[in-house]
Structures are given as structure tokens and as C-alpha cells.
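Presented below is the structure to which this report refers.
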Amino acid sequence: MSLIADYGLVLLVLACLFGFFMAWGVGANDVANAMGTSVGSRALTIKQAILIAMVFEFAGAYLAGGQVTETIKSGIVDASLISPNLMVLGMMSALLAAGTWLMVASTKGWPVSTTHSIVGAVIGFAAVGVSMDAVNWGGVGPIVASWVVSPVLSGVVAFGVFMSVQKLIIDTENPFANAKRYVPVYMFLTGFMVSIMTLTKGLKHVGLHLSAAEGFLLAVGIGVLVMLIGIALLSRIKVDVEADKSFHFASVEKVFAVLMIFTACAMAFAHGSNDVANAVGPLAAIVGVIQSGGEMVGAKAALPAWVLLLGAVGIVVGLATYGYKVIATIGKEITELTPSRGFAAELATATTVVGASAIGLPVSTTHTLVGAVLGVGIARGIGALNLGVIGKIFMSWLITLPVGAALSIFFFFILRALFGGV
């Protein structure tokens, strides 16, 4: 225990800095997944998207981020096989490795998976720095499976949502009137879906415990409120005859642009709830070990509220300073997006991510959103997709996990040397 006794405060400060750095990377790179479709479809400007994401990413991370954090903290490695000293140094190296890779990717404008980055980094330090047995391979399996399942599921949902939009609104005799009729229903679904998960899962962190029935009823109420606000906003939209001459559905897309504001909020909340874990999961493990003097390596310590707060602030800072680069890439280059297409992709992604957060599965928002955008593109025909860009994105996904692992091993040996070869 001498490392923790001698350097406890230094390690804690460094861990907080590395955790903040990783959270900055999540904000700079991954928040494009929450906002890229809104910007790409011109429903929101980049400034508006960043302001919305700041509020809702923070809320999602702080109110609903704890469930997935537990998986990153203790589901990937077998803590009982790792000494407290190695756990602290390993998790620190994982944060630094993932943050470094995200910084490189963000400067290049590559939308990579922060989940891949941190999971690869944690596996890297555990497998090489401790032993292959220290990796909980049984726990890694469902996470790896989710990287395939989540884009497929999201793509199927997006395809279905977009086809429902086509059938109920676009392919009708009066698409504008039908848009005003059905869009409030989509708004209700958006409000209900995000609030049900927050109320039943997330608010335990702030000491509010609701039964399933209470949560359901409150979520219905919030969904209705969102719908009423939407109806009030939609009542101001009138048919633009001139715009409809050049693009038949211009007025309809204006209705969907209002809806995109709601789905952008839902998407940002869902993203914050899932991906804050990538930054604060390892930090929570470090804090638990240091605060207990090395006693609680495998114990389920309560997640301190300030750890979630640090991650939430880091995400917001990353988004505000560097988020615009990847937002531009993902919003405009995979397929041409209009508000109705962007809405289908965002609602499908938010639904998939929120569902994954509820069961504690750290899915990749990047994979989920790209799957949803592909689903919308396929609904219009394969020619609507930019296959060159999709190929580059897939390549960046493939190298993220091994790069995260390699950097983590590198930083682990440096930290071990600095702190006396533990």
C-alpha cells in the first residue's frame, strides 16, 4: 500500500486531470454524434447545436450516467486479481491513452468511438501489465457484441421511423397538413422515451427514487408537455409557396426542423448518459481505491457525485472548444440529410443508446448513429450513400481498439517507472 500512502494526493490529482482530458476528448469527438445530423440537415446552426448539447449532455451525464459507469469501472477487468497500486496506475494510463487518441482523431476530424478507445485501453493495461486472466473476458463479450448489434438495431429502427414518415406524411396528397398532424406524436415519443429512462434509472444519483408506475406516469406527463410545446411552435409555421416550387417538401421539412430541436436534445441527453462513463468509469475506480487506502479494489463503492460532475464539465468544454470539426464531418458527408431524415436517424440513435444505458451496456454512439444514418440512406437507395466516407469511418473504427490498447500499455510502463516500478 506504500504507493497509495506515499502518493495518494498526487495520484488523485493526476487521475482527475487525466479523467478531465478524456472527458474533453469525448466532448470534442463524440458529441458530433449527438449534433452532427441536426447541423447537417440545417435544422440547427453549429452555435445552436453546441448550446443545446452543453445543457443536455451535462444533464444526461450527471443525472443518468451512473449505470454504465459501473460497467466500465468493474465489468471489464477482474478487480480481485489486480493489486490496488496496479489498478490505480492502470486506470490512469487507460484514461491518458484514450484521451490522447481522441485528441489525435478530433484534430483530423475522424468520428471514432470513445467506447472503443477506453475499453481497448483498459483491456491493454490489464492483459499486459497484469495478466491475461485479469481481463474479464466474459464481461467483454457483451460489449463487443453491442458494437455489432447497436448499429444494426439502430439502422433497423431508423429505417422503420423514416418509412413511417414516408407513409404518413411524404407520400400523401397533403404532406404539410399531415406533418402538422403527426409530428406532435413523434415529439411525444421523443419526450417519453428519454424521460422514462431518466426517471426510473438516473435520478437515484440525486436521491430521488420512483417506482416503475410513478416513473411511467411522470414520463407520459413529460411527453405530453413536450408535445404541447411542439404544437405551439408548429402553429407558427405556414406554407411557403415559393420554397415549395423549387423543392416540393420545403414546408414539410420546416415542420421537421422544429422536431429536430427536440430530437437533438434527446440525442444529447442519451449521449451524455452513456458516454460520460468512458471518462469517469476508470476515474471512479481510482477514487474508490485511493479513498479507501487501497482496500476497495473490487468493492462496489458509491459513485461520488463530483466524479460525474467532473466528467460532465469536461464533455462540455471539449464540445465548446473542438466539437465543430467532427460535427461538420458526420453531418454532411455520409449521406445528404434533410430534417425528416435527420430526425429518423436521431430518434433511432437516442432510443438505442438510452436503452443500452438502462441495462448498463456501454455501446458506441458513433456506431449507433452511423448505423441509423445508413438505415435512412438505404431507405432511399444505396446510391444515396457516400461509400468512400463510410469506408474511412469503418477503418478508423477498426484501428481505435488496438491503438487504445497500445497507448495504454506504453503509458502504463511509464507511470510504473515514475512511481518506483510498482
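Residues of the range 369-414 being modelled with pLDDT of 90 or more and either over 22 Å from MET22 (Cα atoms) or in contact with a Leu (Cβ under 6 Å, 6 or more places away or on another chain) (or both), which ones?
Matches in the range 369-414: PHE411 only.
Which condition number does THR400 fail, the rest of (1) surrounded by fewer than 24 Cβ atoms within 10 Å (Cβ to Cβ); (2) touching a residue at least 60 places away in the same chain (Cβ under 8 Å) being met?
Against the list (1) surrounded by fewer than 24 Cβ atoms within 10 Å (Cβ to Cβ); (2) touching a residue at least 60 places away in the same chain (Cβ under 8 Å), THR400 comes up short only on (1).
With ILE390, ILE378 as the choices, which residue is surrounded by fewer than 24 Cβ atoms within 10 Å (Cβ to Cβ) and touching a strand residue (DSSP E or B) at 6+ places or on another chain (Cβ under 8 Å)?
ILE378
Scan the range 124-136 and report the pairs whose first residue is under 13 Å from ARG416 (Cα atoms) and whose second residue is at pLDDT below 85 and buried (at least 19 other Cβ atoms within 10 Å of the Cβ), with Cβ atoms within less than 7 Å and a gap of 6+ or a chain change.
Note: pairs meeting the criteria are GLY129/LEU86; VAL130/ILE82; VAL130/LEU86.
So how many residues does the range 332-365 have that are buried (at least 24 other Cβ atoms within 10 Å of the Cβ) and either out of contact with any strand residue (DSSP E or B) (no Cβ under 9 Å at 6 or more places or on another chain) or among the hydrophobic types (A, V, I, L, M, F, W, C) (or both)?
23
Would you confirm whether any residue within the range 104-116 is surrounded by fewer than 24 Cβ atoms within 10 Å (Cβ to Cβ), in contact with a Phe, Trp or Tyr (Cβ under 9 Å, 6 or more places away or on another chain), touching a residue at least 40 places away in the same chain (Cβ under 8 Å) and more than 14 Å from GLY281 (Cβ to Cβ)?
So far as the range 104-116 goes, yes, one or more of its residues are surrounded by fewer than 24 Cβ atoms within 10 Å (Cβ to Cβ), in contact with a Phe, Trp or Tyr (Cβ under 9 Å, 6 or more places away or on another chain), touching a residue at least 40 places away in the same chain (Cβ under 8 Å) and more than 14 Å from GLY281 (Cβ to Cβ).
Conditions (1) of a type in the set (S, T, N, Q); (2) at pLDDT below 85; (3) outside any helix (DSSP H, G or I); (4) over 28 Å from ILE393 (Cα atoms), marked per residue:
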| site | (1), (2), (3), (4) |
| --- | --- |
| SER80 | yes, yes, no, yes |
| VAL88 | no, no, no, yes |
| TRP147 | no, yes, no, no |
| MET163 | no, no, no, no |
| LYS167 | no, no, no, yes |
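Here is a check on your reading of the model: is ALA320 crowded, with 21+ Cβ neighbours inside 10 Å, farther than 19 Å from ALA94 by Cα and either modelled with pLDDT of 75 or more or under 14 Å from the mean Cα position of the chain (by Cα) (or both)?
Spelling it out, it is not the case that ALA320 is crowded, with 21+ Cβ neighbours inside 10 Å, farther than 19 Å from ALA94 by Cα and either modelled with pLDDT of 75 or more or under 14 Å from the mean Cα position of the chain (by Cα) (or both).
State the number of residues belonging to the range 246-286 that are closer than 23 Å to MET227 by Cα, of a type outside the set (Gly, Ala, Ser) and part of a helix (DSSP H, G or I).
Of the residues in the range 246-286, 15 are closer than 23 Å to MET227 by Cα, of a type outside the set (Gly, Ala, Ser) and part of a helix (DSSP H, G or I).
If you scan the range 34-49, which residues turn out to be of a type in the set (Val, Ile, Thr) and without any contact (Cβ under 8 Å) to a residue 40 or more places away in the chain?
THR45
Out of all the residues in the range 211-227, which are among the acidic types (Asp, Glu) and in contact (Cβ under 8 Å) with a residue 24 or more places away in the chain?
Within the range 211-227, no residue meets the criteria.
Give the residues of the range 11-63 that are surrounded by fewer than 24 Cβ atoms within 10 Å (Cβ to Cβ) and of a type in the set (S, T, N, Q), sorted by residue number.
THR45, GLN48
When you look at LYS180, is it modelled with pLDDT of 85 or more, among the charged types (D, E, K, R) and either closer than 23 Å to LEU259 by Cβ or in a helix (DSSP H, G or I) (or both), yes or no?
For LYS180, the condition - modelled with pLDDT of 85 or more, among the charged types (D, E, K, R) and either closer than 23 Å to LEU259 by Cβ or in a helix (DSSP H, G or I) (or both) - is met.
The values are calculated or read from the model by the stated rules, or taken from the named source; none is laboratory data. In this text, all values refer to a predicted model and were calculated from it rather than measured experimentally. Reconstructed Cβ throughout: ideal geometry from the backbone, glycine too, with neighbour counts over all protein chains shown.
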